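Asks: Got a structure here, written out as structure tokens. Questions coming.
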Amino acid sequence: MSGNLTFEQSHRLHDLLANFGRCRVLVVGDFMYDRFTHGSVDRISPEAPIPVFRVRHNHEMLGAAGNAALNIVAAGGQAVLLTVVGDDPIGDKAHEMVQQQIGQMSVLIHELKRQTTIKQRYIASNQQLLRADTETTSLINADTAQKLLAAYDALLPSCQVVLISDYAKGVLTDDVLSGIISRARAAGKPVLVDPKRKDFRGYTGATLVKPNRKEISEAVGQEINSDQEVLAAGKKLLEVAQLEYLLITRGQDGMTVLDKNGPTHIPAIKRDVWDVSGAGDTVIALLAMGIAAGGSVTEAARLANLAAGVVVGKVGTATVTALELSHAIDAADETVETQSELQNVMSLDQAVEQVSRWRRLGLKIGFTNGVFDLVHPGHLSSLRSAKAQCDRLIVAVNSDESVRRLKGPDRPIQDEVHRAAVLAALGYVDLVVIFSEDTPQHLIEALLPDVLIKGGDYKADETDPNSKYYIVGSDVVRAHGGRVIVAPTLEGFSTTSIITHRGIRRN
């Protein structure tokens with residue numbers, strides 16, 4: 001990915017991501033059952049000039065509104081799915097999958113004599129060869145619509161944002177659509193729409209509608225090519241449908257957020273594209289989560305843009321995890337190459353804030369400490385082992401003053417800033433904190449790591465603080481349900497021996 005975020009924008013997106021765990025989005029719309037058949041093609045059929053597809057395995061996923069809800073859950077949020085399925089075995093299977101993967105609050109209404117939509121895809125060598133659709137696109141009946149709106153009324157108060165997933169499969173009748181939007185706006189809840197209607201007046205009153213280039217062309221009845229034509233068509237739709245925002249997705253040209261004050265363009269994330277299936281679901285889902293987390297529409301759009309860049313690199317309808325999105329934010333930060341070391345060296349207060357974000361993402365925090373005067377293969381081995389025990393590794397480094405007390409007046413060889421910068425540049429290390437005390441006890445009490453790792457001759461089960469085998473802070477970590485681990489050390493490497501044998505002196 002190429003960098004297109006400032007440091008401030010990157011920091012803000014991380015803050016929004018850390019708030020996802022407190023967000024709940026109500027997803028309403030058409031449901032699809034996505035089935036993927038993976039196999040290989042090795043020959044042409046003797047019966048006709050067509051490839052012979054050898055089936056290897058199948059897997060099924062929730063599609064359309066179901067996939068949008070899955071993306072919300074994968075990113076660390078809470079989703080409630082409200083949809084209609086057929087009175088058939090696939091509808092029953094979909095209900096079971098939704099309860100397991102999205103949550104017990106979701107409501108799937110079974111309509112008699114209706115067929116659940118199935119999208120069957122055949123994939124070989126990471127490429128789709130064929131898609132076969134089985135579906136009902138007729139409008140749901142009046143009784144089903146009444147049940148859907150009654151369930152909507154019960155679910156709306158517990159959610160912060162409403163996401164309408166319109167795939168034109170019959171769930172969103174005119175009455176259902178207007179009822180969803182009017183009720184949400186009366187309750188002060190934003191309404192976001194992933195559209196398929198050609199007449200955007202059906203979305204009147206929504207907060208935001210997210211068309212792609214083809215959908216906006218169909219909505220205004222003319223082909224859209226240039227940037228000027230996109231903006232002109234967008235302004236027209238804002239007025240016609242009385243919308244606050246349009247988010248126009250433009251493929252390799254990125255996204256454009258349009259409101260009454262004008263456009264904001266968000267460049268596309270450059271990466272290899274394997275499959276665009278479900279990318280629109282990812283965009284609207286992360287847009288909803290960004291707004292639910294307290295972000296502006298533009299900030300939420302930046303998150304959605306990054307998520308789309310991740311999901312198109314996967315095969316099949318896919319979701320983006322919180323960890324993948326966190327990495328994508330870092331990768332898009334234009335200051336990473338020049339500022340990455342400084343960003344990762346933090347004060348204790350900054351570290352506590354960062355650890356809080358990581359915890360909200362469900363990440364396991366590891367902690368180790370040392371002087372790290374001259375980083376050698378023994379250090380690298382220990383840090384590699386430490387990182388294997390956690391998702392995020394914090395390294396606490398003794399300050400110059402602390403090192404002099406522990407090692408004598410000729411140490412350290414390198415000052416604390418340079419030692420911290422070297423560690424922060426290592427791939428195993430996610431955060432560095434410098435401490436001036438003789439032990440990192442107060443850091444451990446403040447950060448409460450899930451795993452405390454120490455190398456050398458220490459003993460993980462030693463509980464006597466006066467013993468030379470005791471690991472400082474182990475009592476605190478254990479008291480909070482964490483683990484204490486002694487990492488293996490690489491024999492033959494020691495900073496003291498290197499300094500002694502090579503005659504290194506501090507200037």
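Asks: Could you run through region 190-206 and say how many residues are within 18 Å of residue 72 (Cβ to Cβ), surrounded by fewer than 24 Cβ atoms within 10 Å (Cβ to Cβ) and without any contact (Cβ under 8 Å) to a residue 40 or more places away in the chain? Full working, then the answer.
Replies: The first filter runs over region 190-206 and keeps only residues within 18 Å of residue 72 (Cβ to Cβ), leaving 190-194.
Applying the additional criterion that residues be surrounded by fewer than 24 Cβ atoms within 10 Å (Cβ to Cβ) yields 190.
Now restrict to residues that are without any contact (Cβ under 8 Å) to a residue 40 or more places away in the chain: none.
Here the count works out to 0.
Asks: Could you pull out every one of the strands (runs of 3 or more DSSP E) wholly within region 1-101 that has 1 or more residues that are in the same structural domain as residue 304 (by TED's automatic domain parsing) and closer than 30 Å to residue 265 by Cβ? If you could, list the steps in order and put the result at the bottom.
Replies: Details: elements: 24-29, 31-44, 51-64, 78-86.
Once the strands (runs of 3 or more DSSP E) in region 1-101 are filtered for at least 1 residues that are in the same structural domain as residue 304 (by TED's automatic domain parsing) and closer than 30 Å to residue 265 by Cβ, what remains is 24-29, 51-64, 78-86.
Yes/no per residue for (1) modelled with pLDDT of 80 or more; (2) touching a strand residue (DSSP E or B) at 6+ places or on another chain (Cβ under 7 Å):
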residue: 348; (1), (2): yes, yes
residue: 352; (1), (2): yes, no
residue: 360; (1), (2): no, no
residue: 382; (1), (2): yes, yes
residue: 395; (1), (2): yes, yes
residue: 399; (1), (2): yes, yes
residue: 405; (1), (2): yes, no
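Asks: Tell me yes or no: at least one residue of region 158-169 is among the aromatic types (Phe, Trp, Tyr), touching a residue at least 40 places away in the same chain (Cβ under 8 Å) and not in a loop (DSSP other than H, G, I, E, B).
Replies: Start the filter on region 158-169 by keeping residues that are among the aromatic types (Phe, Trp, Tyr), which leaves 167.
Add one more test, that the residue is touching a residue at least 40 places away in the same chain (Cβ under 8 Å), and what stays is 167.
Still in the running and not in a loop (DSSP other than H, G, I, E, B): none.
Among the residues of region 158-169, not one is among the aromatic types (Phe, Trp, Tyr), touching a residue at least 40 places away in the same chain (Cβ under 8 Å) and not in a loop (DSSP other than H, G, I, E, B), which makes the answer no.
This table checks each residue for (1) within 22 Å of residue 78 (Cβ to Cβ); (2) surrounded by 19 or more Cβ atoms within 10 Å (Cβ to Cβ).
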site: 147; (1), (2): no, no
site: 152; (1), (2): yes, yes
site: 163; (1), (2): yes, yes
site: 167; (1), (2): no, yes
site: 173; (1), (2): no, no
site: 179; (1), (2): no, no
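Asks: Report yes if residue 436 is at pLDDT 85 or above, more than 38 Å from the chain's Cα centre (by Cα) and exposed (fewer than 15 other Cβ atoms within 10 Å of the Cβ), otherwise no.
Replies: Answer is no for this residue.
Asks: Free of Cβ contacts under 8 Å to residues at least 12 places away in the same chain and in a helix (DSSP H, G or I): is that true of residue 229 in this structure?
Replies: yes
Asks: For region 76-89, state whether one or more residues are closer than 23 Å to residue 136 by Cβ, small (Gly, Ala, Ser), buried (at least 24 other Cβ atoms within 10 Å of the Cβ) and over 19 Å from the mean Cα position of the chain (by Cα).
Replies: No, every residue in region 76-89 fails to be closer than 23 Å to residue 136 by Cβ, small (Gly, Ala, Ser), buried (at least 24 other Cβ atoms within 10 Å of the Cβ) and over 19 Å from the mean Cα position of the chain (by Cα).
Asks: Can you find even one residue in region 113-125 that is of a type in the set (Ser, Thr, Tyr), at pLDDT below 95, assigned by TED's automatic domain parsing to the domain that holds residue 190 and not in a helix (DSSP H, G or I)?
Replies: Yes, there is a match, as at least one residue in region 113-125 is of a type in the set (Ser, Thr, Tyr), at pLDDT below 95, assigned by TED's automatic domain parsing to the domain that holds residue 190 and not in a helix (DSSP H, G or I).
Asks: Are any residues in region 98-134 free of Cβ contacts under 8 Å to residues at least 40 places away in the same chain, surrounded by fewer than 18 Cβ atoms within 10 Å (Cβ to Cβ) and under 16 Å from residue 28 (Cα atoms), and if so, which ones?
Replies: 99, 103, 104, 110
Asks: Tally up the residues in region 166-199 that are under 30 Å from the mean Cα position of the chain (by Cα) and more than 17 Å from residue 144 (Cβ to Cβ), please.
Replies: Here the count works out to 15.
The values are calculated or read from the model by the stated rules, or taken from the named source; none is laboratory data. As the structure is a prediction and not an experimental result, all values here were calculated from the model. Here Cβ is always computed from backbone atoms with ideal geometry, including for glycine, and neighbour counts include all displayed protein chains.
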